[in-house]
Amino acid sequence: MAWLVLVVSGVLEAVWATALGRSEGFTRTGPTTVFVVGLVFSMIGLAYAMRTLPTGTAYAVWVGIGASLTVGYAMVTGAESASLVKIALILGIVACVVGLKVLH
């Protein structure tokens, strides 16, 4: 259960990070609200997962999922340029996250 909660929390990290970028310094209400809600639930999930999983592993997986999804979403929407090298590096992050799960 902790791993599932951790993955969902990592997805929420990507949500709040993207919303933070769109909030324009907390001047836009919609993205700011999404940021706050996403942040709160992401942290609650991370804290829950850390009750069972080692802190370093849980944090690395959470960050890896959030970072990968944030960059991937930005590339798909055109907010950030895409290249084969960037995609390969993101896949490397994903492979490391999967490795941490497998080795756990």
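The values are calculated or read from the model by the stated rules, or taken from the named source; none is laboratory data. Here the structure is a predicted model, which is why all the values come from computation and not from measurement. In this analysis, Cβ positions are derived from the backbone assuming ideal geometry, glycine residues included, and neighbour counts consider all displayed protein chains.
Just a few scattered comments:
- Of the residues making up the stretch 23-37, just one is in contact with a Pro (Cβ under 9 Å, 6 or more places away or on another chain) and exposed (fewer than 14 other Cβ atoms within 10 Å of the Cβ), namely Glu24.
- Residue-level check: of (1) surrounded by fewer than 18 Cβ atoms within 10 Å (Cβ to Cβ); (2) closer than 29 Å to Ala95 by Cβ, Val40 misses just (2).
- Qualifying residue in the stretch 57-75 (condition: more than 16 Å from Ala14 (Cα to Cα) and either crowded, with 16+ Cβ neighbours inside 10 Å or not hydrophobic (A, V, I, L, M, F, W, C) (or both)): yes
- Filtered by the rule that a residue be of a type in the set (Gly, Ala, Ser) and over 16 Å from the mean Cα position of the chain (by Cα), the stretch 77-104 gives Gly78, Ala79, Ser81, Ala82, Ser83, Ala88, Gly99.
- Those helices (runs of 4 or more DSSP H) lying entirely in the chain with at least 3 residues in contact (Cβ under 8 Å) with a residue 40 or more places away in the chain: 2-22, 29-50, 55-77
- Residues that are modelled with pLDDT of 95 or more, of a type in the set (Val, Ile, Thr) and surrounded by fewer than 12 Cβ atoms within 10 Å (Cβ to Cβ) do occur in the stretch 79-101.
- Of everything listed in (1) under 23 Å from Gly78 (Cα atoms); (2) crowded, with 18+ Cβ neighbours inside 10 Å, the single unmet condition for Val5 is (1).
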